[in-house]
1. With respect to the numbered conditions (1) under 60 Å from the mean Cα position of the chain (by Cα); (2) of a type outside the set (Val, Ile, Thr); (3) at pLDDT 95 or above, which one is the sole condition not fulfilled by Met228?
2. For the stretch 285-308, what are the residues that are crowded, with 16+ Cβ neighbours inside 10 Å and more than 13 Å from the ligand (Cβ to nearest atom)?
3. Might you let me know whether the stretch 202-211 holds any residue that is touching a Ser or Thr at 6+ places or on another chain (Cβ under 9 Å), within 16 Å of the ligand (Cβ to nearest atom) and touching a residue at least 12 places away in the same chain (Cβ under 8 Å)?
4. State whether the residues of the stretch 193-205 include one that is at pLDDT 95 or above and in a helix (DSSP H, G or I).
5. Return the residues of the stretch 247-275 that are more than 13 Å from the ligand (Cβ to nearest atom) and in contact with a His (Cβ under 9 Å, 6 or more places away or on another chain); say none if nothing qualifies.
6. Taking His278 and the conditions (1) within 9 Å of the ligand (Cβ to nearest atom); (2) at pLDDT 95 or above, which numbered condition does it fall short on, given that it satisfies the others?
Amino acid sequence: MQNFGTIFLWALAACSLWKGSLATSLRGGLMFLVDDPSPDSICVPEIRSLLNDVVQTQNQGNTNTRESDNEIKSKLETLEVKIGEVQAKLPQEVHAKVEGQLQGLKEGQTKLEGQQTKMEAKLEDSLLAVKTKLEGQEVVLTKVKDSQAKLEGSLLAVQAKLDTQLQAVVNQLQAVSNKIDAPIPSGFTLIGSRYFLMEDETENWETAERRCREMGGYLASFRNEKEMYAVTQKLTDRKAYWLGINDRDNEGHFVSVASQKPAPFLKWAEGHPDVTNHEQNCVYWYNGEMSDIDCKTDAVYFICQADKET
Ligand SMILES: [Ca+2]
């Protein structure tokens, strides 16, 4: 048997569909049909009478439970039968109306499902667009990082170059400072831009080189012809002078003993240098020309310079 609630609601629905009017109110937790103006309605007197009986019996049953339950059960069974009869008597137009409402509900559901599908597709497109945009930003960020790394490398290279140049300037300043601060050895004379000393005693090359060092200088070499000419102007007569130039370590390659670099200026006399005689390795200067002779045996005058730059 159907429960009371189902039967009651079915009765209400049947009356509503039949007459198009349904009034409800709450009384003691139960629902009542209170109005049915049509005298030939199915709800009146059969279903409404049964419903009222059921409700009245239930209200009375609050104080006499067992008897009330049996009576309600009996009346509900009768009501169920009557509802079956009402369902059978429902005209085709009522069925059609119900079917139409059900169809409307189905169409509404289909429409909602379509809207949901569209919204899901739109949301998916939006998410894809956001993802694509983020990927693009990531590519840009990678390029920015690469550019930053290249810029840092360039800056480091520039900094290293500047450091090298700065160190060169510092070295030059230090050299100038040393030159300014260095005392000029006694007996040396400024000739042109450098200090020289012309010795009036004769020595072999090795002794002359040692004596120049003992006086605080080096056996001399000329920077250029102009300097050689300036020194010539200071000489009182023509003599031969040792210069601080030899090729003892590498035949034919004459170096300055002061700077340990290739001699900056050489003006050879005819027949010199003699690279076939390996005993003639030291250079002397006479009458504006240079010759290579034996370093140990030949004794001539010598010229010293104060610096070791040339
Ligand atoms: Ca030689």
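The values are calculated or read from the model by the stated rules, or taken from the named source; none is laboratory data. All values derive from a computational prediction rather than experimental measurement. Cβ coordinates were reconstructed from backbone atoms using ideal geometry, including for glycine residues, and neighbour counts include every protein chain displayed.
1. With (1) under 60 Å from the mean Cα position of the chain (by Cα); (2) of a type outside the set (Val, Ile, Thr); (3) at pLDDT 95 or above applied to Met228, the lone miss is (1).
2. Trp285, Asp298, Val300, Tyr301, Phe302, Ile303, Cys304, Gln305, Ala306, Asp307
3. yes
4. yes
5. Within the stretch 247-275, just Pro262 meets the criteria.
6. His278 satisfies all of (1) within 9 Å of the ligand (Cβ to nearest atom); (2) at pLDDT 95 or above except (2).
Okay, residues lined up against (1) acidic (Asp, Glu); (2) at pLDDT 80 or above; (3) touching a His at 6+ places or on another chain (Cβ under 9 Å):
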site	(1), (2), (3)
Ser68	no, no, no
Ser74	no, yes, no
Glu93	yes, no, no
Ala129	no, yes, no
Ala149	no, yes, no
Thr164	no, yes, no
